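Engineer: Next up is a structure, given as structure tokens.
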Amino acid sequence: MAGPQSIQRYPAGLLDLLGMRGTGECPHELSGFVLPIVQMDDLYRWQRRVRVGANTTVAPAAAGTFYACGTLDIPQGSIWLVVDVVAKTGAVMPAATGLGGVPVFNVSGRQFALADEKRAAVGEQLWTARHYDQPLIVAPQASGGTFGFQCTQITGAPAVLVSLDLLVIEVGI
């Protein structure tokens, strides 16, 4: 009669994978390959964050209309790292109106969505935001492009103010 079979399991970490026992220190065999690191980027970048924002009035128009809020003015020799995007209406939708849209970059005739599409009905405020865990990189070639609000749905004749804010970090290259 055979004895109990060993149970196969997934390794619980690097030391278990290599069949080594740890004592709270990095094994000397791995010291040249495995080192602890601390990300310092965010501490450095925090002091370089800049709010780039603008407003536009969305007047009665057809869905598919682009409303420019501002121009991308990226200094030569720099890039922008977009960290946060917020688009919102200044007030709630008036009676018998509705609005849907998405914040976008409009560069060289191409549009890039910056956040998810949102819709607001009567009595609601349109608000959409996105935080980028890995910053969105905007190169100097995008200078001269615009950022704004792409209207995807419109009901009635709203004339509402839409503000678009970008939190960017300007980094020299």
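Engineer: Using 0.36 nm times the number of residues separating Val122 and Asp16, minus their current alpha carbon distance, what extension gain do you get? Present the calculation step by step, with values, prior to reporting the outcome.
Structural biologist: Working: separation 106, 0.36 × 106 = 38.16 nm, distance 5.88 nm.
Stretched out fully, the Val122 to Asp16 stretch lengthens by 32.3 nm.
Engineer: Compute the label zone of Val171 within the range 52-81: residues whose backbone N is under 13 Å from the point 7 Å along Cα-to-Cβ.
Structural biologist: Answer for this model: 78-81.
Engineer: Just subtract the alpha-carbon distance of Ile37 and Arg110 from 0.36 nm times their residue separation and send over the number in nm, one decimal.
Structural biologist: Working: separation 73, 0.36 × 73 = 26.28 nm, distance 3.93 nm.
22.4 nm is the gain from fully extending Ile37 to Arg110.
Engineer: Taking every alpha carbon pair in the range 33-158, what does the distance histogram look like in 10 angstrom bins from 0, in percent?
Structural biologist: Calculated over all Cα pairs of the range 33-158, the distribution is 12, 38, 28, 15, 6, 2, 0 percent.
Engineer: Another question about this same structure. Amide H neighbours of Leu114 under 5 Å, at least 5 residues apart or on other chains, H built in the peptide plane: list them.
Structural biologist: Long-range HN contacts for Leu114: Val104, Phe105.
Bear in mind that the values in this text are calculations on the coordinates, not laboratory data. For clarity, every value in this text was computed on a predicted model and none was experimentally measured. Neighbour counts are summed over all protein chains in view; Cβ atoms, including those assigned to glycine, are modelled from backbone coordinates with ideal geometry.
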